[in-house]
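Rule-based calculations on the coordinates, nothing more; no lab input. Quantities reported herein were computed from a predicted structural model and do not represent experimental measurements. Neighbour counts run over all protein chains shown; Cβ positions are idealised from the backbone, glycine included.
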Amino acid sequence: MNPSRRQFIQRALAGTGVLAFPNIIPARVLGADAPSKKVNILQIGCGRIARTLDLPGFLKHDAARVVAVCDLDSIRLADTKRYVEAFYAKKNVSLTVATSGDYREALQRKDVDAVSISTPDHWHAQPVVEALLAGKDIYVQKPLTMTHAEGRAVSDLFRRHPQMFQVGSQRRSSSGFRQACEVVRNGRIGKLHTVKVGLPTDPSGGDPKEMPVPTNLNYAMWLGPTPLVPYCEDRVHSQNPDPKKRFGDRPGWLRIEDYCLGMITGHGAHYVDIAQWGMGTELTGPVEIEGRAEFPTQGLWNVHGAYHVEAKYANGITLIIDNTLPSGVRFEGSDGWVWVTGSAQKVTASDPAARKSKSKPLDASNPDILTTPLGPKDIRLHASPKDDHHLDWLTSVLTRQPAATTPEQAHRSTSVCIVSWIAMKLGRKLRWDPQAERFIGDDAANALLTRAERAPYGALSFLKKV
């Protein structure tokens, strides 16, 4: 029997009486390739984000071993298996990567310690739930969930099954974003009153003409809990035979509300999360929200276009999210301001461009705000090793200490984006109870906090069964 890393740890400690995590076992005894030093990863989803961000992010670290890959598209699956095995071959590591077209089957593997989930938004919650119940540590792309109801269920489940967790909000691991939030939370700009977030938009369009389902794609499962609709390439992802283009093209599902809410969650999950971090409101949300947006009336792609959202918090802070603002976060206080951005960086060349700022990536109204060192009693936020988000999670898995973002923090940041989308859809002011996580006196708004799930799929339906 080939014991898993966790089984190895338990057995190694059984005769010692030591209950702490076994980093106490010297590396000279176990060696760099000991089970306690490696995290065996199952990659679920082998598309654009997995191939351009998550897999490269894990593979470059010796602590990671990608032992299995899973995708509903057999062409992507085979290509990713070749990609991972070729990477290890160059490092003289002999490894046969297992493949599966069904993540549920792959989760049963005893050699898998952790999963990386890089699937479309509507396929985030259910794999997280099933991986968690299978005892796996979890890295999942942002946003944490597609709906607010899913997010609450996922965060609650983590309380009962506290595996190590990370969400793909990479800016949490950037020293520039961390510094901006630290100076704000330590009062360097006085009393914070306004936070402005700039995000891009997605284009309308898309060809809705029905096409034959490719033989390499399990389309019925790809739709998952969403309605059963005819297949077309602009609904799913590129079938281009050129791998470079196939994995670089921005997929159509990002622009369809059944599978993604648009840039308000797509990029908002990054910058709204930073706003929450800097405001110190990571475990709550606004009390009032108002939004407006343009929604396409023709074509396949129907996520929002131009938009404006204003949310007020109980502490008096106003959060403004607008597509005309430069991409980034600006904190404004009684004694000055701080600005931080990841510039208009793109994951792939096909990403829509955001408005660039003429300011530096990290800037302030007074240089002293940023250059004065923190004092011994000042608030210090989580610092990721080497500013590396994937390494932060791997370190968390090995040390059993929390990563940059907890499940509840991820849910709360995502929920701000989701209630913003609801305000945009309804086009009117809404009152939100951040404790009960319900709109006050508004059945129409509350109805949008969840969605019907098409059997046999859906995280909420699955949880009811188990």
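I'd like the antiparallel share, as a percent to the nearest 5, of DSSP beta bridges with both residues in the chain.
Numbers: 31 of 58 bridges.
If I count the DSSP bridges inside the chain, around 55 percent turn out antiparallel.
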Report the trypsin sites (Lys or Arg not before Pro) located in segment 192-293 that are in a DSSP loop and have at most 16 other Cβ atoms inside 10 Å of their Cβ, or state none.
209
Taking neighbour counts of Cβ atoms within 10 Å as a proxy for exposure, in what order, fewest first, do 372, 414, 341 appear?
372, 341, 414
So who's got an amide H within less than 5 Å of the one on residue 138, skipping anything under 5 residues away but keeping other chains? H placed 1.01 Å off N, in plane.
115, 164, 165, 166
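Pairs 81/110; 60/110; 142/464; 244/360: which exceed 26 Å Cα-Cα? Working shown, then result.
Values: 81/110 19 Å; 60/110 24 Å; 142/464 24 Å; 244/360 32 Å.
Too far apart for the 26 Å limit: 244/360.
Label segment 70-167 by shape, choosing from rounded, prolate and oblate, from the square roots a ≥ b ≥ c of the eigenvalues of the Cα gyration tensor; if a/c is under 1.5 it is rounded, and otherwise prolate applies when a/b is larger than b/c, oblate when it is not. Don't skip to the answer; put the middle values down first.
Numbers: a/c = 2.31, a/b = 1.78, b/c = 1.30.
Prolate is the answer for segment 70-167, as a/c is 1.5 or above and a/b outweighs b/c.
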Considering only DSSP beta bridges where both residues belong to segment 193-324, give the percentage that are antiparallel (nearest 5).
65 percent
Starting from the Kirkwood Rh over alpha-carbon pairs, what translational D in µm² s⁻¹ does segment 131-189 have by Stokes-Einstein at 20 °C and 1.002 mPa s?
159 µm²/s
Local charge sum around residue 403 (other residues, Cβ-Cβ under 12 Å, Lys/Arg +1, Asp/Glu -1)?
-1
Take peptides 218-228, 319-329 and line them up by average Cβ neighbours within 10 Å, highest first, as a rough protection proxy.
319-329, 218-228
Quick one: which residues, 5+ away or cross-chain, put their amide H under 5 Å from the amide H of residue 205? H built at 1.01 Å from N.
300, 301
The chain: longest stretch without exposed GluC sites (Glu not before Pro) (DSSP loop, at most 13 other Cβ within 10 Å), sites themselves excluded?
1-209
What is the log10 of I(q)/I(0) for the chain, computed with the Debye formula using one identical point scatterer on each Cα and no solvent, at q = 0.09, 0.10 Å⁻¹?
-0.60, -0.75
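Semi-axes, largest first, in whole Å: what does sqrt of 5 times each Cα gyration tensor eigenvalue give for segment 228-320? Before the final figure, lay out each step's value.
Numbers: eigenvalues 219, 55, 19 Å².
The three semi-axes for segment 228-320 are 33, 17, 10 Å.
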Scaled by the rule-of-thumb 2.2 N^0.38 Å, the alpha carbon Rg for segment 424-466 gives a ratio of 1.47
Diffing segment 223-228: the Karplus 3J(HN,Hα) column from phi (6.51, -1.76, 1.60, θ = phi - 60°), in whole Hz with x for Gly and Pro, holds 5, x, x, 7, x, 7
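Counting only other residues whose beta carbon sits under 10 Å from that of residue 204, what net charge do I get with K and R as +1, D and E as -1? If you can, show how the numbers build up before the last one.
Details: positive: 255; negative: 202, 294.
With Lys, Arg at +1 and Asp, Glu at -1, the net is -1.
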Using θ = phi - 60° and Karplus 6.51 cos²θ - 1.76 cosθ + 1.60, couplings along segment 302-314 (whole Hz; Gly, Pro as x):
10, 6, 4, x, 4, 7, 8, 10, 10, 10, 10, 9, 4
HN-Hα J couplings of segment 40-49 from phi, Karplus 6.51/-1.76/1.60, θ = phi - 60°, integer Hz, Gly and Pro as x?
7, 10, 9, 8, 9, x, 10, x, 4, 5
Across segment 36-98, what fraction of all alpha-carbon pairs, as a whole percent, falls in each successive 5 Å bin from zero upward?
4, 18, 34, 27, 12, 4, 1
Between residue 192 and residues 5 or more places away or on another chain, which pairs have amide H atoms under 5 Å apart, with H built 1.01 Å from N, and which residues are they?
334
